[in-house]
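In what follows, a single structure is set out as structure tokens and then discussed.
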Amino acid sequence: MLILDCPYCGIACDETELSPGGEAHLTRFGPGSSEDEFEGYLFMRENPRGVHFERWRHAHGCGKWFHAARDTMTMEVFGTYPAQTTEPPAELRKTISEKRPGWSWRDFS
Amino acid sequence: MSHRLSTGGRLIDRSERRSFRFNGKTMTGFAGDTLAAALLGSGQTLVGRSFKYHRPRGIVTSGGEEPNALMNLGTAKTFEPNARATTTELFDGLTAESQNHWPSLEFDVGEINAKLSRFLPAGFYYKTFLWPRAFWKHVYEPVIRASAGLGKAPRHRDADHYEYMHVTTDVLVVGGGIAGLTAAKAAAVSGAEVMLVEQTANWGGRAPVDGAVIDGQPAEDWVAATVAELEAMPNVRLRTRAMGAGVYDHGYSLVYERLTDHAPDPSRPRHRLWKVRAGRIVTATGSIERPLSFAGNDLPGVMLAAAVRDYVVNYGVAPGKRTVVVTNNDDGYRTALALKEAGLEVPVVLDARKQATGPLADAAREAGIRVAAGRGIAKVTGKGKVEVVHICDQAGAGAVVEEVRADCVAMSGGWSPVVHLWSHCGGKLTWDDENACFRPDPDRAPTGADGTPFVAAAGAANGAVTTAEVLADAWAAGGGSGEAPKADAEDRQPMMPVWAMPAQAPYALRAKSWLDFQNDVKVTDVELAAREGFQSVEHTKRYTTLGMATDQGKLSNINGLAVLARELGEDIPAVGTTTFRPPYTPISMGAIGGEARGELFQPVRRTPIHDWHEENGAHWEPVGHWRRPYAFPKEGESTHDAVTREVRATRERVGLLDASTLGKLIVKGPDAGRFLDMLYTNMMSTLPVGKCRYGLMCTENGFLTDDGVVARLSDDAWLCHTTTGGADRIHAHMEEWLQTEWWDWKVYVANVTEQYAQVAVVGPKAREVLQALGGDMDLSKEALPFMQWAEGRIGDFDARVFRISFSGELSYEVAVPASQGRAFWDALLDAGRKHSITPYGTEALHVMRAEKGFIMIGDETDGTVIPQDLGLNWAISKKKEDYLGKRAQERDHMTDPLRWKLVGLETLDGSVIPDGAYAAEEGLNLNGQRKTEGRVTSTYYSPTLDRGIAMGLVERGPDRMGEVIDFPLIGGGSVKAKIVSPVFYDPDGEKQNV
């Protein structure tokens, strides 16, 4: 039962207010993409032990989608940010580096 | 024999007698008793039969860890199985029955199982399962089912009610012993909001029984003063009869409060489940004494030493007249002293340690109690109860040196901290060599959202042993500054781990030494599991059932682990523990459900016309969160006949359908057309204003997920109809893509499903009925042709009229503001009276759409079906470069010519094929089953054609028109059906386009 801060409402949300949306920062591949590209987009997920970026929706609140960076082992939440971006904000990446030196997740580190 | 003492009992009120029934016999106890205390006080030492061997069993403990004394409580609507007598408070009129006995507790035929015990070893379920195969079903399973098992499942609806309570607090302290009180006080004086919960009815835990002295006062007085002090503080909330059941991520915790179990009152909730969000959680949950593994340790009368003194001190109940104490640590002496003080006989204290020294052993000797060091129990014998204790050298192989007559054995194998709540959310344990126990590892605590620990264990739950250690540890865990409560240091002698008694016990003794009383697991069972290759403790648990069922091994786990470790030649910490999972002890299903029962289970969504349906005998069908009328059977009419009548009336004259539940989403903005082109498989941006178009929506995986008619309202706005169950889901689907992929597109989506009532007026007379209402709209074929919509007034109503049809008839779907819905419906009934206008339900709707070959999401689709499978290629744009699902539909499996595709099915004999039937073809698949080549997706009796019709997905179906395929029936025989077009009625659409 996580608590995540909704970056739109600015409030700490109980997990019962939220809907999970799986992994964040996927790149969509449509018609014209190769089988490997499409498979990667549709099915391949990180499932890491440690730093992870995921999508959440404040479904029983403002209805907005946002991203959360957290540690899947310790449940530590590094930060949340609006979903209208293709990569984690630099400041958040710095915060994670301070807490988890040498972390990497997909192409980010 | 157990009996009530004439004096003593700090928790009972001898002036208040309480009468109760056990197995039909009336007994009495006192206010403040637990059922277990009252049973023992009434001389009832035999309280149940064991799970597997039906051995006679007695009360072992005085608390929530009790494995044996499980009761069926109450009757009929208040019946509850598996209640522990040790945690059941006595009240007048309580009825209890022992479990797992047949025909009676005293005479049980299942005892024969005990004689067969060598044929019922660890894993015997699995072994009997293997061979001979037929024996499992016809011999073993019926016998096991009849003779094994715990309580009976209740057969009546629960008469009690339950509730939730949500609370946030800075600190939650679980456990109201001296550690919990100290931690709560430490946190409270610092100004924190504190919630302190205690699972029993009484504060103070063990300390008052064990004679602790705190800050110069007897523990009892210190506890009373501290509770009074906490009660006076506005920032402290105290609850007794409230158990910390589980700890979850980020400080979430469940507390299970039993409000009326001790004093039934139907006007109050029976249980309350607290859903607590705590900044920090202190687990001051104490520790549990371990049994010793000697032969015959499951006989009624063999009890934990601390429980024996609890009964004497708390309830004035003597578990026996002559009690042998056997211990591997100092604590056993406390029991011997308490018994002696109560005037009971203690023939000997058997101290497994080589030397019996220290203040407690000395005090026992001074009290005239014989102390035998280095001794243990070879076996306890007796018929259904303790009669003779056979004493041996602990270090030996069980040669009996002395026999002592006794009716009770008090055993203490050391103490295990209650680490459950610490472990629920990832807290790790460390092995404490000195006290031979697992305790919380402070360096590996559960961590919260900020990455720092949010659970602290305190007192005995943290491995502290003496009162002074407990107080200091708990004060620190509560975050206290200043002076902690104090107690004198104690001169404590080290305990000695004893995992087998005697140490060299031969097989015959080990095979009678119980580890898990509740599941009948013996030392030899765990040894056998190890020999058979079960090296993981989790596997051993499942193979032997050690630590399963209602007590979850609270007594047995450490002893079992030790046996497994010895057998594997490993250290105990290397073997590790099984996983601790919530709840700590069982909680009621009622509490988990809370208020969500009956009408509150799931609120029903109601259309503006719902009440009319109810008043007119609707046979309801749940659809999403809605209730929709399935049909409107008249007095004496079957539902089937009603459907037939409704279909015929609609096709011949005019019918009326409440379609308000259909999803209505307005999609608006400069990029709305582009957005809808991505969502639907066909082109919506080119739809002219004033027109309607049927559209399909797919997931990115290519599968059809929803369908409906889209109307273009204006240059930049579209109204998308969704399925009844799909409105919220499709709204969320649109939001997701707009917010997370195309966030720069200017589109707004509003779900206006409940803003409108929508009524379908359907049938050849539909136009006449609407025209009779008057208004300013031209509803003629020329002014409002098929697949167009218009706005205006019909009668006095503000209407948006869609010329769309899901039945194949002339049809108008009319949306009016929700507030006008019921009046509009009534006006239509009036206007249609001369045509015998007939309201119809969802089944008539289904039948008519099937006659027309229209698909239904959820019937023809199941999450694996693409639009191409359903012959809907006409609704898939070939011009568009992209839409959701397009790429997926290009995968080779999706374009496989052998995919099952939609066809109509016409039975040769006119019968209705059973729903979900599969078409079988010749040959067997790799599993040895008949091969299949298709299945039925919709099947109905068609009143219009007076025969069975069906739709189905068939391999290469559209290429096999006219072929006959075979649908085997459950129970034998088969139905033959011809593959035909799915459109059974009016294939050219002449009737809807008039």
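What follows is calculated from the coordinates using simple rules that are stated; it is not laboratory data. Only a predicted model underlies this, so the values are computations on that prediction, with no experimental measurement involved. Please note: Cβ atoms are built from the backbone with ideal geometry, for glycine as well, and neighbour counts cover all protein chains shown.
Which value in nm describes the separation of the simple spin-label points at B:N925 and B:T452, placed 7 Å from the Cα toward the beta carbon?
The modelled label-to-label distance comes out at 5.8 nm.
Treat each spin label as a single point 7 Å out from the Cα along the C-beta direction, and report the B:T7 to B:E106 distance in nm.
With each label placed 7 Å out from Cα toward Cβ, I get 3.5 nm.
Counting each DSSP H run of 4 or more residues in the protein assembly as shown as -39500 (n - 2.57), what helix-only mean residue ellipticity at 222 nm follows after dividing by all residues, to the nearest 500 deg cm²/dmol? Could you put the intermediate results ahead of the total?
Numbers: 27 runs with 230 residues, N = 1103.
It comes out at -6000 deg cm²/dmol, rounded to the nearest 500.
Which loop GluC sites (Glu not before Pro) in segment B:574-658, with loop taken from DSSP, have no more than 15 other Cβ atoms within 10 angstrom of their Cβ?
Sites meeting the loop and neighbour criteria: B:E595, B:E635, B:E637.
Apply the Karplus parameterisation 6.51 cos²θ - 1.76 cosθ + 1.60, with θ equal to phi minus 60°, to every residue of segment B:74-86 and state each ³J(HN,Hα) to the nearest whole Hz, in sequence, with x for glycine and proline.
Each residue's phi maps through the Karplus curve to give x, 9, 6, 6, 10, 5, 9, x, 6, 7, 7, 4, 6 Hz.
What's the exposure ranking of B:H250, B:H539, B:H721, B:H893, going from fewest to most Cβ atoms within 10 Å?
In increasing order of surrounding Cβ atoms, one gets B:H893, B:H539, B:H250, B:H721.
Find the centroid of the Cα atoms in segment B:930-969 and in segment B:483-561, then give the distance between the two in whole Å.
So the separation of the two Cα centres works out to 62 Å.
May I ask you to sort A:K64, B:K746 by Cβ crowding, counting other Cβ atoms within 10 Å and putting the fewest first?
Ordered by Cβ neighbours within 10 Å, fewest first: B:K746, A:K64.
Pulled fully out, how much extra length does the chain show between B:E483 and B:S974, if you take 0.36 nm times their separation in residues and subtract their Cα-Cα distance? List each step's numbers first, then the result.
Details: separation 491, 0.36 × 491 = 176.76 nm, distance 8.56 nm.
Difference between extended and current length: 168.2 nm.
With 25 Å as the limit, write out which pairs from B:K634/B:K781; A:K99/B:K275; B:K486/B:K554; B:K385/B:K512; B:K321/B:K486; B:K879/B:K978 have Cα-Cα distances beyond it, or answer none.
Pairs exceeding the cut-off: B:K634/B:K781; A:K99/B:K275; B:K486/B:K554; B:K321/B:K486; B:K879/B:K978.
Positive end of the charge dipole of chain B (Lys, Arg +1 and Asp, Glu -1 on Cβ, about the Cα centre): tell me which of B:A338, B:M195, B:L687 has its Cα farthest that way.
Farthest towards the positive end: B:A338.
Each residue of segment A:16-24 in turn: what ³J(HN,Hα) in whole Hz from Karplus with 6.51, -1.76, 1.60 and θ = phi - 60°, glycine and Pro shown as x?
5, 8, 10, 10, x, x, x, 5, 8
What is the magnitude of the charge dipole of the protein assembly as shown about its Cα centre, with +1 placed on the Cβ of each Lys and Arg, -1 on the Cβ of each Asp and Glu, and no other charges, expressed in debye to the nearest 20? Write out the running numbers ahead of the final one.
Values: 121 positive and 144 negative charges, 505 e Å.
About 2420 debye.
Based on other C-beta atoms within 10 Å, arrange A:E37, B:E809 from fewest to most.
A:E37, B:E809
Give the long-range amide H neighbours of B:T169: residues separated by 5 or more places, or on another chain, with amide H under 5 Å away, using H modelled in the peptide plane at 1.01 Å from N.
Hits under the 5 Å cutoff: B:R277, B:A278, B:G279.
Explain nothing, just the number: relative contact order of segment B:663-754, from Cα pairs under 8 Å at least 6 residues apart, as a whole percent.
In percent, rounded to a whole number, it is 40.
Order of B:308-314, B:763-769 by packing, highest average Cβ count within 10 Å first?
Peptide ranking by packing, descending: B:308-314, B:763-769.
Using Cα pairs under 8 angstrom and six or more residues apart, how large is the relative contact order of chain B, in percent?
9 percent
Write down the radius of gyration of segment B:244-321 and its Dmax, each obtained from C-alpha positions, in Å.
18.6, 51
Report the Cα centroid-to-centroid distance between segment B:256-316 and segment B:806-836 in angstrom, as an integer.
64 Å
Quick one: grab the alpha carbon gyration tensor of chain A, order the square roots of its eigenvalues as a ≥ b ≥ c, and give me rounded if a/c is under 1.5, else prolate or oblate depending on whether a/b is larger than b/c.
It is oblate, given that a/c is not under 1.5 and a/b is not larger than b/c.
At R0 = 45 Å, how high is the FRET efficiency between B:E341 and A:T16 if r is their beta carbon distance? Nearest 0.05 is fine.
The calculated FRET efficiency here is 0.25.
Which far-off residues, 5 or more places away or on another chain, put their amide H under 5 Å from the one on B:S416, with H placed in the peptide plane?
B:I288, B:E289, B:R290
Return the long-range amide H neighbours of B:T95 (sequence gap of 5 or more, or a different chain), with a cut-off of under 5 Å between placed amide H atoms.
Answer set, sorted by chain and number: B:R21, B:G74.
Taking only Cα atoms and a 10 Å spring cutoff, compute GNM fluctuations for chain A and point out the largest among A:S19, A:S97, A:S33.
A:S33
In the protein assembly as shown, how does Rg compare with the Kirkwood Rh, expressed as the Rg/Rh ratio over alpha carbon atoms?
Result: Rg/Rh = 1.06.
Expressed in nm to one decimal, what extension gain is obtained for the pair B:A159 and B:T895 from 0.36 nm per residue of sequence separation less their Cα-Cα distance? Spell out each step's value before the answer.
Working: separation 736, 0.36 × 736 = 264.96 nm, distance 5.72 nm.
Extra length available between B:A159 and B:T895 comes to 259.2 nm.
Please state the charge dipole magnitude for segment B:871-970, taken about the Cα centre, from unit charges on C-beta atoms (+1 on K and R, -1 on D and E), reported in debye and rounded to the nearest 20.
It works out to roughly 500 debye.
So the label point goes 7 Å from the Cα of B:A397 along Cα→C-beta, right? Which residues of segment B:504-527 then have their backbone N under 19 Å from it?
B:504-513, B:524
So which GluC sites (Glu not before Pro) in segment B:859-903 end up in coil per DSSP with only 11 or fewer other C-beta atoms within 10 Å?
B:E881
Using a 10 angstrom cutoff on alpha carbons, build the Gaussian network for chain A and name the most mobile of A:H25, A:H52, A:H60.
Result: A:H60 has the largest fluctuation of those listed.
Using the Cα centre as the reference, give the magnitude of the dipole from point charges on the C-beta atoms of segment B:663-754 (Lys, Arg: +1; Asp, Glu: -1; all else neutral), rounded to the nearest 20 debye. Let's see the in-between values first.
Details: 8 positive and 13 negative charges, 79 e Å.
Dipole magnitude for segment B:663-754 comes out near 380 debye.
Going by a ≥ b ≥ c, the root eigenvalues of the Cα gyration tensor, does chain B fall in the rounded group (a/c under 1.5), the prolate group (a/b larger than b/c) or the oblate group?
Prolate is the answer for chain B, as a/c is 1.5 or above and a/b outweighs b/c.
Could you give each residue of segment B:809-822 its phi-based ³J(HN,Hα) in whole Hz, using Karplus coefficients 6.51, -1.76, 1.60 with θ = phi - 60°, and x for Gly or Pro?
Along segment B:809-822, the couplings run 9, 4, 8, 10, 9, 10, 9, 10, x, 3, 5, 9, x, 5 Hz.
Would you please give the FRET efficiency between B:K691 and A:S97, computed as 1/(1 + (r/R0)^6) with r the Cβ-Cβ distance and R0 = 56 Å, to the nearest 0.05?
Using R0 = 56 Å, I get an efficiency of 0.50.
Counting only C-alpha contacts under 8 Å and six or more residues apart, can you give the relative contact order of segment B:242-331 as a whole percent?
Working: 83 pairs, mean separation 15.3, N = 90.
Value for segment B:242-331: 17 percent.
Roughly what % of DSSP beta bridges within chain B run antiparallel, to the nearest 5? If you can, show how the numbers build up before the last one.
Working: 134 of 180 bridges.
Approximately 75 percent, going by the DSSP bridge assignments.
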